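These notes concern the structure reproduced below.
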Amino acid sequence: NGIGLTINVNVAQDPIVRGNEQTITVTVSDSDSGDKISGANVKGDVKYVTGHREILSGTSNQDGIFRHSWRISGNANIGTFVVHVDVTADGNKSGSKEKSFQVIAKGLTPGATSNLNRTLNQTDPTGRYECTEDGLSYGS
């Protein structure tokens, strides 16, 4: 948030499985009146774990909303992605906001993982196999 502006950043999916489409919604309003501000200039980016940046750029609509959607690569590094936006509006009003979200690998849910581990332990009492959200591992 900043001088005269209230900026909200919403991430559609957190966490999100890489390979899926993410949507960032920025809502801009006047911090004094609470009125939504149309025509506000929104610039920013989403910083990937690798440092790659997905550029965000546009203006807010009549409801004070700017949206940006894109597909995160199926082989993107997993981890924390950081959204940063800078917003300027008429009357020298400006501000910035950051929000982060997690990108995860496609895998098994924790419930499925524990069920598979129970089954593995029954069939292999040595416990050398372990099922994780990333797949099956074999220990010594």
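The values are calculated or read from the model by the stated rules, or taken from the named source; none is laboratory data. Everything numeric here is computed off the predicted structure, so don't read it as measured data. Because the Cβ atoms are built from the backbone with ideal geometry, glycine has one as well, and the counts that use them run over all protein chains shown. When the accessible area is computed, the model is the full protein with side chains, heavy atoms only, and any ligands, DNA or RNA have been set aside. Shrake-Rupley method; radii C 1.70, N 1.55, O 1.52, S 1.80 Å.
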So, ASP86, is that one charged (D, E, K, R) and closer than 19 Å to ASP35 by Cβ or not?
no
Subset of region 22-39 [within 11 Å of GLY4 (Cβ to Cβ) and either within 22 Å of the chain's Cα centre (by Cα) or open to solvent by less than 50 Å² (accessible area, probe 1.4 Å) (or both)]:
VAL28, SER29, ASP30, ILE37
